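Report on the following structure.
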Amino acid sequence: MSANILTVDDSASIRMTTKIALTNAGYQVTEAVDGADGLAKAKSAPFDLIVTDLNMPNMNGLEMIETLRQSPAHTGVPIIFLTTESDADMKARAKAAGATGWVTKPFDPENLVKIVRKVLGK
């Protein structure tokens, strides 16, 4: 059974690259266009992993993670940040909010798949 992954990014090209990489690796991918959309989709169906951007309109990735972590259904779901941010303070805030991992853009799709496999333990 393949894992269900929610990708949240306001960039259509990043969503496409992420979806192709993860779909080719055998995962089911659902896309969201910003944090608010991601939050709604995360609450409407179970996901094994969430990959989210940080800087997005409507609700950023950090706010989305903080909101999701308040829900018992989402406390154990791994969340990977996929972002251009590489600031140590922001990484610390993301970790405190409940982020599991951090991938800096531009990213290597193969590397993303490796990290996803590691996080999912599959």
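The values are calculated or read from the model by the stated rules, or taken from the named source; none is laboratory data. Keep in mind that this is a model prediction, so the values were computed, not measured. FYI the Cβ positions are ideal-geometry reconstructions off the backbone, even for glycines, and counts take in every protein chain you see. In case anyone asks, the SASA skips ligands and DNA or RNA and just uses the protein heavy atoms, side chains included. Shrake-Rupley method; radii C 1.70, N 1.55, O 1.52, S 1.80 Å.
A quick yes/no check of all residues on (1) assigned to a strand (DSSP E or B); (2) modelled with pLDDT under 90; (3) of a type in the set (Gly, Ala, Ser):
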{"site": "81", "(1), (2), (3)": "yes, no, no"}
{"site": "85", "(1), (2), (3)": "no, yes, no"}
{"site": "91", "(1), (2), (3)": "no, yes, no"}
{"site": "96", "(1), (2), (3)": "no, no, yes"}
{"site": "99", "(1), (2), (3)": "no, no, yes"}
{"site": "106", "(1), (2), (3)": "no, yes, no"}
{"site": "110", "(1), (2), (3)": "no, no, no"}
{"site": "115", "(1), (2), (3)": "no, no, no"}
{"site": "118", "(1), (2), (3)": "no, no, no"}
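Listed here are the residues, each with its yes/no results for (1) touching a Pro at 6+ places or on another chain (Cβ under 7 Å); (2) at pLDDT 95 or above; (3) under 16 Å from residue 105 (Cα atoms); (4) small (Gly, Ala, Ser).
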{"site": "1", "(1), (2), (3), (4)": "no, no, no, no"}
{"site": "14", "(1), (2), (3), (4)": "no, no, yes, no"}
{"site": "21", "(1), (2), (3), (4)": "yes, yes, yes, yes"}
{"site": "31", "(1), (2), (3), (4)": "no, yes, no, no"}
{"site": "41", "(1), (2), (3), (4)": "no, yes, no, no"}
{"site": "47", "(1), (2), (3), (4)": "no, yes, no, no"}
{"site": "62", "(1), (2), (3), (4)": "no, no, no, no"}
{"site": "71", "(1), (2), (3), (4)": "no, no, no, yes"}
- Please go through region 63-103 and pick out each residue that is out of contact with any strand residue (DSSP E or B) (no Cβ under 7 Å at 6 or more places or on another chain) and of a type in the set (Gly, Ala, Ser). 71, 73, 76, 88, 92, 96, 97
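Could you please find all residues in region 16-36 being more than 15 Å from residue 54 (Cβ to Cβ) and of a type outside the set (Ser, Thr, Tyr)? Spell out how you get there, then give the answer.
Let us first name the residues in region 16-36 that are more than 15 Å from residue 54 (Cβ to Cβ), namely 16-17, 19-31.
If the condition is that a residue be more than 15 Å from residue 54 (Cβ to Cβ) and of a type outside the set (Ser, Thr, Tyr), then 16, 19, 20, 21, 22, 24, 25, 26, 28, 29, 31 are the ones that fit.
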- Are any of the residues in region 33-44 part of a strand (DSSP E or B) and either in contact (Cβ under 8 Å) with a residue 24 or more places away in the chain or on the phi > 0 side of the Ramachandran plot (or both)? no
- Message: Condition first: under 10 Å from the mean Cα position of the chain (by Cα), of a type in the set (A, V, I, L, M) and part of a loop (DSSP other than H, G, I, E, B). Now tell me which residues in region 50-76 satisfy that.
- Response: 54
- Criterion violated by residue 58 - all others in (1) out of contact with any helix residue (DSSP H, G or I) (no Cβ under 9 Å at 6 or more places or on another chain); (2) surrounded by 13 or more Cβ atoms within 10 Å (Cβ to Cβ) satisfied: (1)
- Message: Among the residues in region 29-49, are any open to solvent by 60 Å² or more (accessible area, probe 1.4 Å), within 13 Å of residue 112 (Cα to Cα), among the hydrophobic types (A, V, I, L, M, F, W, C) and more than 10 Å from the chain's Cα centre (by Cα)?
- Response: no
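Kindly indicate the residue of region 1-28 that is charged (D, E, K, R) and either in a strand (DSSP E or B) or in contact (Cβ under 8 Å) with a residue 24 or more places away in the chain (or both) and also most open to solvent (accessible area, probe 1.4 Å) among those meeting that condition.
The first filter runs over region 1-28 and keeps only residues charged (D, E, K, R), leaving 9-10, 15, 19.
Imposing the further condition that a residue be either in a strand (DSSP E or B) or in contact (Cβ under 8 Å) with a residue 24 or more places away in the chain (or both) reduces the set to 9-10.
Details: 9: 6, 10: 71 Å².
Checked region 1-28; the qualifying residue most open to solvent (accessible area, probe 1.4 Å) is 10.
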